[in-house]
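Asker: Sharing a structure below in structure tokens format, with a few things to ask.
The values are calculated or read from the model by the stated rules, or taken from the named source; none is laboratory data. What you are looking at is a predicted structure, and each value in this text was computed from that prediction instead of being measured. Quick reminder, even Gly has a Cβ in these numbers, built from the backbone with ideal geometry, and neighbours come from all protein chains shown.
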Amino acid sequence: MPKAVAVLVAAGSGERLGASRPKAFVTLAGRPMLAWSVDALRLAGLGEIVVALPSGESAPSGCVGVMGGETRSASVRAALTAAGDGEWVVVHDAARPLVSPSLFSAALDALSGADCAVASAPMTDTVKEAGPDHRVVATLDRSRLWAIQTPQAFRRDALERALDVDDVLLAAATDDAWLVERAGGTVRVVESTAENFKVTTPHDLRVAELLLGERARG
Ligand code: CTP
Ligand code: MG
């Protein structure tokens with residue numbers, strides 16, 4: 001397997017969480033939130049980690065820190081320019097502290113047949129499409145729908161090409177895989193579970209605290 005470098009995006013402010021510090025640095029089960037992802041990356045054998053940081057915070061020991069950007073993808077781009085050699089890149093949200101080491105490996109393994117592989121959970125809710133008047137226009141085929149998460153693994157050349165766009169397009173990207181899709185690259189889903197949720201609200205933080213507390217107690 002080619003060498004892989006990791007990008008951990010932690011530069012967001014965490015507006016929806018509403019804590020007094022940037023979200024990735026909020027204490028979660030006794031440690032800063034991003035420390036859980038750093039552990040999982042290392043357990044997966046990803047020792048080279050570049051962290052995109054908000055101002056005023058520093059990178060965990062052993063990681064390279066860079067100042068993040070205005071948007072999530074701008075943070076990915078900034079971190080990638082600071083990453084050393086490695087043909088493959090794995091991007092992960094610091095806001096997903098419950099990630100398992102095996103999910104990083106599964107995403108990287110799936111790169112053998114694609115430009116990008118994204119951790120994704122099958123949908124459990126029925127999904128309907130509605131107009132601005134709330135009138136339902138379609139019920140989507142759930143068996144073909146996936147809720148997209150991170151980690152997202154990339155062939156580095158495909159990611160660098162995808163990120164080489166203007167700031168307006170970069171800001172429109174809710175994930176980097178979309179930028180690869182629009183550039184014509186192949187993206188695959190890798191099955192994950194709902195446990196790898198993104199900590200967004202105070203409710204999410206409570207759930208993560210319970211699950212990681214349980215994990216820490218063994
Ligand atoms: N992120 C980043 N740089 C940004 C925006 C977000 O590195 N300019 C990171 C966040 O730190 C987080 C991940 O991208 O780990 C997912 O973003 P999100 O959950 O939206 O976090 P925030 O942007 O911090 O939260 P909010 O949108 O509620 O402000
Ligand atoms: Mg955000």
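Asker: Search region 1-57 for residues being assigned to a strand (DSSP E or B) and without any contact (Cβ under 8 Å) to a residue 24 or more places away in the chain, and hand back the single one that is surrounded by the fewest Cβ atoms within 10 Å (Cβ to Cβ).
Answerer: From region 1-57, those assigned to a strand (DSSP E or B) are 4-9, 27-28, 31-32, 49-53; that's our starting set.
Still in the running and without any contact (Cβ under 8 Å) to a residue 24 or more places away in the chain: 27, 31.
Details: Thr27: 13, Arg31: 15.
Result: Thr27.
Asker: Now for a different question. Specify the residue that is farthest from ligand 1 (Cβ to nearest atom); the eligible residues are those in region 58-93 that are free of Cβ contacts under 8 Å to residues at least 60 places away in the same chain and touching a Pro at 6+ places or on another chain (Cβ under 8 Å).
Answerer: Pro60
Asker: Would you pick out the residues in region 169-210 that are aliphatic (A, V, I, L, M), surrounded by fewer than 16 Cβ atoms within 10 Å (Cβ to Cβ) and part of a helix (DSSP H, G or I)?
Answerer: Matches in region 169-210: Leu169, Ala171, Ala172, Val207, Leu210.
Asker: Just one of (1) modelled with pLDDT of 95 or more; (2) part of a loop (DSSP other than H, G, I, E, B) trips up Ala138, so point out which.
Answerer: Failing condition for Ala138: (2).
Asker: Of the conditions (1) at pLDDT 95 or above; (2) exposed (fewer than 12 other Cβ atoms within 10 Å of the Cβ), Asp109 satisfies every one except a single condition; which number is it?
Answerer: With (1) at pLDDT 95 or above; (2) exposed (fewer than 12 other Cβ atoms within 10 Å of the Cβ) applied to Asp109, the lone miss is (2).
Asker: Then there is this: Mind listing just one residue for me: the one in region 94-118 that is within 16 Å of ligand 1 (Cβ to nearest atom) and touching a Leu at 6+ places or on another chain (Cβ under 8 Å) and, of those, farthest from Glu191 (Cα to Cα)?
Answerer: Per the stated criteria, the residue is Ala94.
Asker: Report, by residue number, each residue of region 1-21 that is within 11 Å of ligand 2 (Cβ to nearest atom) and either small (Gly, Ala, Ser) or closer than 27 Å to Gly84 by Cα (or both). Spell out how you get there, then give the answer.
Answerer: Of region 1-21, the ones within 11 Å of ligand 2 (Cβ to nearest atom) are 9, 11-17.
The answer is Val9, Ala11, Gly12, Ser13, Gly14.
Asker: What is the number of the single condition among (1) touching a strand residue (DSSP E or B) at 6+ places or on another chain (Cβ under 8 Å); (2) more than 14 Å from Ala6 (Cα to Cα) that Ala78 does not meet?
Answerer: (2)
Asker: Does region 74-84 contain any residue that is assigned to a loop (DSSP other than H, G, I, E, B) and closer than 21 Å to Val199 by Cα? Break it down into steps so the answer makes sense when it comes.
Answerer: Quick first cut of region 74-84, residues assigned to a loop (DSSP other than H, G, I, E, B) only: 82-84.
Those still in the list that are closer than 21 Å to Val199 by Cα too: none.
The answer is no; no qualifying residue exists.
Asker: If you don't mind, another one. Can you give me the number of residues within region 58-76 that are within 16 Å of ligand 2 (Cβ to nearest atom) and either surrounded by 14 or more Cβ atoms within 10 Å (Cβ to Cβ) or β-branched (Val, Ile, Thr) (or both)? Walk me through it before giving the result.
Answerer: Step one: of region 58-76, the residues within 16 Å of ligand 2 (Cβ to nearest atom) are 68-76.
From the residues that got through so far, the ones that are either surrounded by 14 or more Cβ atoms within 10 Å (Cβ to Cβ) or β-branched (Val, Ile, Thr) (or both) too are 68-69, 71-76.
Of the residues in that region, 8 qualify.
Asker: Taking only region 122-164 into account, find how many residues are over 27 Å from Asp93 (Cβ atoms) and surrounded by 14 or more Cβ atoms within 10 Å (Cβ to Cβ).
Answerer: Of the residues in that region, 0 qualify.
Asker: Next question, about the same structure. Glu87 - would you say it is surrounded by fewer than 18 Cβ atoms within 10 Å (Cβ to Cβ), within 16 Å of ligand 2 (Cβ to nearest atom), within 24 Å of Leu170 (Cα to Cα) and among the acidic types (Asp, Glu)?
Answerer: Values: surrounded by fewer than 18 Cβ atoms within 10 Å (Cβ to Cβ): yes; within 16 Å of ligand 2 (Cβ to nearest atom): no; within 24 Å of Leu170 (Cα to Cα): yes; among the acidic types (Asp, Glu): yes.
Criteria not met by Glu87.
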